[in-house]
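Step one of this worksheet: look at the structure below.
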Amino acid sequence: MYENMEIVVLASPETEPEFRQKFPSPPLLYQVVFSYEALLPLLDNADVVFDYFLADEPQQLRLYAHRTNLIVFCQAAKIQLAALASTLPTLNCVLLGFNGLPGFLNRPILEVSVLYPASIPKLQTVCAYLNTEYLLVGDRVGMVTPRVIAMIINEACYTLQENTAQIQDIEVSMKLGTNYPYGPFEWANRIGIRHVYKLLTALYADTKDERYKICPLLKTKYLRGEMF
């Protein structure tokens, strides 16, 4: 058990506030940086890194690969850890996944995945240190919650596009029918259309399942940078 962990968070300025809400500082102490350039000088002393960018910049895994005692949490909603690790011949660090999409992190239970089952004890140790419960899910693109919510958002977009129902009707029906805290369009705006679009793109590429084939209306919103 660690008495003190050296934790570094590589995130965007937009992502940092939710991380701090989930893991208040104090009592936890960690450093937040916004680029790999700023991260690099801190790695020699780091025990844990939360990396929000690795799925989009998989080549950066080489920074961690040779560090045997380092635990790396990758924001893994859009990538399978096994696919990420396959880009390198040897991986000595402990690679874990977490669901850090906007709106998903600051919940009582942290959604996580592991590359190898042997890493679970270290996951347990870190989560105990962070004072958070966790839910271990399979190492798959979309994890669990992002996969389900993205599919619901996509289906809602088809419903809206076909004029079967309007936004407010869909929102109310979803909340009443499923007891979800948000309707699909509220979810889309909270997560960010860009994240939803890229998540669905990754899911469809991974599964070829028609449920994840992006609705043209959602694609248009993404291309225009619009919200619902």
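The values are calculated or read from the model by the stated rules, or taken from the named source; none is laboratory data. The model shown is predicted, which means the values in this text are computed figures rather than measured ones. Note that each Cβ is placed from the backbone with ideal geometry, even for glycine, and that neighbours are counted across all protein chains shown. Side chains included, ligands, DNA and RNA excluded: accessible areas come from the protein's heavy atoms. Shrake-Rupley method; radii C 1.70, N 1.55, O 1.52, S 1.80 Å.
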message: Cα atoms only: what Rg and Dmax, in Å, come out for the chain?
response: 18.3, 58
- prompt: Taking only C-alpha pairs under 8 Å that are 6+ residues apart, what is the relative contact order of the range 68-194 in percent?
  reply: 22
Dipole magnitude of the range 123-228 about its Cα centre (Cβ charges: Lys, Arg +1; Asp, Glu -1), debye to nearest 20: 320
statement: Net charge (Lys, Arg +1; Asp, Glu -1) of residues whose beta-carbon lies under 9 Å from that of Pro102, Pro102 excluded, is -1
message: Could you work out how much longer the chain between Lys219 and Ala128 gets when fully extended? Use 0.36 nm per residue separation minus the Cα distance between them, nm to one decimal.
response: 28.7 nm
task: Quick one: what are the phi-derived ³J(HN,Hα) couplings along the range 160-169, Karplus 6.51/-1.76/1.60 with θ = phi - 60°, whole Hz, x for glycine and proline?
output: 5, 4, 8, 6, 6, 7, 9, 3, 4, 5
- prompt: Can you flag which of Lys22/Lys208; Lys78/Lys122; Lys175/Lys208 are past 25 Å Cα-Cα?
  reply: Lys22/Lys208; Lys175/Lys208
Helix-derived mean residue ellipticity, 222 nm - over the chain, DSSP H n ≥ 4, -39500 (n - 2.57), to 500: -11000 deg cm²/dmol
- line: Per residue, the convex hull enclosing the Cα atoms of the range 29-98 spans a volume in Å³ of 85
- request: Kindly write out, for the range 204-220 in residue order, the coupling ³J(HN,Hα) from the Karplus curve 6.51 cos²θ - 1.76 cosθ + 1.60 (θ = phi - 60°), rounded to whole Hz, with x marking Gly and Pro.
  value: 5, 4, 7, 10, 6, 7, 4, 4, 9, 6, 5, 4, x, 5, 5, 4, 4
- prompt: Stretched out fully, how many nm does the piece from Glu155 to Lys208 gain, at 0.36 nm a residue minus the Cα gap?
  reply: 17.5 nm
- prompt: Which one of Ile167, Phe185, Tyr197 is farthest out on the positive end of the charge dipole of the range 146-228, using unit charges on Cβ (Lys, Arg +1; Asp, Glu -1) and the Cα centre as origin?
  reply: Tyr197
task: With +1 on each Lys and Arg Cβ and -1 on each Asp and Glu Cβ, and nothing else charged, work out how big the dipole of the chain is about its Cα centre, in Debye to the nearest 20.
output: 400
statement: Relative contact order in percent for the range 75-149 (Cα pairs under 8 Å, 6+ apart) equals 38
query: Separation between the Ala83 and Asn4 pseudo-spin-labels, each 7 Å from Cα along Cα→Cβ, expressed in nm?
result: 4.0
In order through the range 175-181: 3J(HN,Hα) via Karplus (6.51 cos²θ - 1.76 cosθ + 1.60), integer Hz, x for Gly, Pro: 5, 6, x, 10, 6, 6, x
task: Would you list the P(r) distribution for the range 93-228, with all Cα-Cα distances sorted into 10 Å bins from 0 and each bin expressed as a whole %?
output: 11, 38, 31, 16, 4, 0
message: Counting only other residues whose beta carbon sits under 12 Å from that of Glu133, what net charge do I get with K and R as +1, D and E as -1?
response: +1
task: May I ask you to give the percent of accessible area on the chain that is carbon plus sulfur, with a probe radius of 1.4 Å?
output: 53
message: Show me the three semi-axes of the equivalent ellipsoid for the range 148-228, from the C-alpha gyration tensor (sqrt of 5 times each eigenvalue), largest first, rounded to whole Å.
response: 19, 14, 12
Among Val48, Leu29, Pro108 - extreme Cα towards positive end, dipole of the chain, charges at beta-carbon: Pro108
task: When a/c is below 1.5 the answer is rounded, else prolate if a/b is larger than b/c, else oblate, so apply that to the range 1-132 with a ≥ b ≥ c taken from the square roots of the Cα gyration tensor eigenvalues.
output: rounded
task: Taking only protein heavy atoms into account and a 1.4 Å probe, give the accessible area per residue of the range 41-94 in Å².
output: 41
query: Any idea what the relative contact order of the chain is, in percent, if you count C-alpha pairs under 8 Å spaced at least 6 apart?
result: 15
- line: accessible surface per residue for the range 157-228, probe 1.4 Å, DNA/RNA/ligands not counted, whole Å² -> 59
query: Taking a label point 7 Å from the Cα of Thr178 along the Cα→Cβ vector, which residues of the range 191-223 have an amide N closer than 16 Å to it?
result: 191-192, 196-197, 200, 211-213, 215
- request: Can you figure out the FRET efficiency of Leu28 with Ile109, using R₀ = 22 Å and their beta-carbon distance, to the nearest 0.05?
  value: 0.80
